[in-house]
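None of the figures in this text is laboratory data; all of them are computed from the coordinates on show. As the structure is a computational prediction, the values presented were derived from the model and not from experiment. Note that we place each Cβ from the backbone using ideal geometry, even for glycine, and neighbour counts take in every protein chain shown.
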Amino acid sequence: MSTMTASTGEAAARERRRFDWSQPFVYVVALAVAAVAIGPVLYVFVGGFRTTADLNANPAGLPDPWVFTNWITVATSPRFWGNVTASLILAGSTTVGVVIAGLMAAFVIARYNFRGREGLYTLFAAGLMFPLTVAALPLTLLLRTMGLHGTYLGVIIPGIAFALPTTIIILVPFLRAIPDELEEAARIDGATRVGFFWRILLPLSKPGLVTVGILAFVASWNGYLLPLLVISTGTLPQEWWPLPLGVTQFSTQYSQDTGAVLAYTSLAMIPAMVFFLLAEKRIVGGLTGAVKG
Amino acid sequence: MTAVVSSGPAVSAGPDPHPASRPPSRTGVVRKRFEIALFTAPALVLFIGFVILPVVLAAVYSFYNLPAGFRWDNLADPDRFVGFDNYVRALSTPEFQRAIGNTFLILVMSLLIQGPLAIGIALLLNRKLRGRGVFRLLIFVPYVLAEVIAGLAWKLLLQPGGGVNAMLEACGLGFLRHNWLADPDIALWTIFLILSWKYIGFAILLMLAGLQGVPDELAEAAQIDGATWWQTQRYITLPLLAPTVRIWAFLSIIGALQVFDMVWVTVAPAVRRISTETMATYMVQQGQFGGQPGYGSAIAVILFVISLIIALVYQRLALRRDLTGAITRGVQ
């Protein structure tokens, strides 16, 4: 605001006058809200630098002394990195799978004209009414029959299936918004419909793909119920459980060592936070879009 | 904004994308059919096999008394078919009745407390602020954390000798000390507070995004006509924010009906059973870890039916007019 040019100076002055009276109050509210949001997270982070004895003696204080052993122990433990790797594999595969399968189906619904097109769309849209929670128990039994219980595929495949409705509902309007003239032009230049898909539609729909990809990644990375039912009751060793499971397991196992649990928890927060803070706008935009649809 | 107030069916694949195009040749038709089948097959197979089928199976299982080590031929055993017994048993069990009550308490409290709070904060912050971007990021932090990880963090904070009680003590509010997550009288309220902490940032961001769609000119015109700040919000901004609020409420309701992770990881099973059980935790407890897949499936079906009824009623009453515009707006 201080770098306004002379021509807009008058407008800026008016703006200042209009907002001045309440500005301090608004900042106080903003600060309070931000503090409540971030405070507990900070406590966990800082707590990871304290010894358990220090934590027990003075739970609300600052580290005295600062110790790095908790963080170093966790950050160098194969168990933590195994959890991270497992989460990356699960979320990555789910994302790739749902983007490919969803894009293909959305392409047909958006750009082909055939009987049953409406029905197909309605079918996927109705999927929004089928939450994972409802399907969880039979799904577990089904996966057992298929021999997928206790495996990553047992989490990835249902993860893709349950992310499909959101993906398709976001992508269909996106693909449809690309003008028919472009397709005409491509066809005149000798492109088939599939060629048009690869060379024109795909590059143009990148923002939509990024949005659905991020949403699928978030859901899978943070998912707990499915891994709890499919992986924690299987034979996979704990080092290879995804993060949410791994963190709960660690906190149960070392419940006496608060400092270590805090360090494990804070390290588990970091990857998600870095990734998701970068993608904040797309997550909010995508979720509103998805739910509105 | 015009799209937001326009009306339309809840689900629509839109107008014909290819009106009267190419002359159909025989090979063209075959090729097109082949392409359609090829492109939709993966999504259809996955969706039907892993979304539709399990829900249908839940309905089937719910009529059986199934053992923990379920085998398919259990379904052929006439002795295991129990009709509606599982439903009768569920609905007459005090534990499950309490689970339904708890779930609805969380649902209603979320709407009554988180909604107005989020709207109020968003209205206050809907102006040029220094550090607005940073603020958005900070309030988004709780939302991006996995519910389980956020829950564990709070569990540590809320221990009897944890940070929250120590903080209260330090502020001279020692009389407010509680065993937050282990005292059956307040555990559910503690859960509600944690859930609010986790999800209100998202609500605020949603409302702020909705407020961006309210044209400044209207508020300016009202102010020129002498409206106070409060009058402008009440009669201009809030009504225009209504579509966003309705969508947030829908999200919130659907989420509240399925609360599982937070309760499961923060509250000890013994306390959960008597005070914070939700429909989803009861379902998993009985169906998976209690070794009664049939009974658990009946709970799943009840949960499904309740969710479906609420969703359909809500769509019909509140969301209907927002939907057409919403689909196109959401993908920008």
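Observations, loosely collected:
- Counting Cα-Cα pairs of chain A in 10 Å increments starting at 0 gives whole-percent bin shares of 6, 20, 23, 21, 17, 11, 3, 0.
- Measuring r between the beta carbons of B:ILE186 and A:LEU202 and using R0 = 56 Å, the FRET efficiency lands at 0.55.
- Residue order, fewest to most beta carbons within 10 Å, for A:THR192, A:THR52, A:THR248, A:THR233: A:THR192, A:THR233, A:THR52, A:THR248
- Centroid-to-centroid separation of region A:119-169 and region B:166-207 [C-alpha atoms, Å]: 34
- B:ARG26 paired with B:ALA270, simple spin-label distance in nm, labels 7 Å along Cα-to-beta-carbon: 7.9
- Cα gyration tensor, chain B - rounded (a/c under 1.5), prolate or oblate: oblate
- Cα-based reach from A:LYS206 at 27 Å (exclusive), listing lysines while leaving out same-chain residues under 8 positions away: A:LYS281, A:LYS292, B:LYS32
- Scattering curve values for region A:102-144, log₁₀ I(q)/I(0), Debye with Cα scatterers, q = 0.16, 0.21, 0.27, 0.29 Å⁻¹: -0.58, -0.75, -0.89, -0.95
- Taking the centroid of alpha carbons for each part, region B:52-102 and region A:38-56 are 45 Å apart.
- Net charge in the neighbourhood of B:LEU152 (other residues with Cβ under 13 Å of its Cβ; Lys, Arg +1, Asp, Glu -1) is 0.
- Taking B:PHE260, B:PHE289 and counting other C-beta atoms within 10 Å, the order from fewest to most: B:PHE289, B:PHE260
- The mean number of partner chain beta-carbon atoms within 10 angstrom of a residue's beta-carbon across peptide A:119-125 is 5.
- Shielding by partners, peptide B:127-139 (average Cβ within 10 angstrom, other chains): 5
- The calculated FRET efficiency for B:VAL305 paired with B:TRP72, based on their beta-carbon distance and R0 = 22 Å, is about 0.30.
- Rg followed by Dmax, in Å, when the protein assembly as shown is reduced to its Cα trace: 26.1, 88
- Span-like helix ranges in chain B, DSSP H, alpha carbon extent 27 angstrom or more, Kyte mean at least 1.6: B:187-212, B:238-257, B:293-314
- Note on the protein assembly as shown: helix-only mean residue ellipticity at 222 nm, from DSSP H runs of 4+ residues weighted -39500 (n - 2.57) and normalised by residue number, equals -21000 deg cm²/dmol.
- Other protein chain C-beta atoms within 10 Å of residue C-beta, averaged over A:227-233: 2.
- 18 Å Cα-Cα reach of B:LYS155 towards lysines, excluding residues that sit fewer than 8 places from it in its own chain: B:LYS198
- Förster-model FRET efficiency, 25 Å R0, B:LEU173 and A:ASP64, C-beta, rounded to 0.05: 0.60
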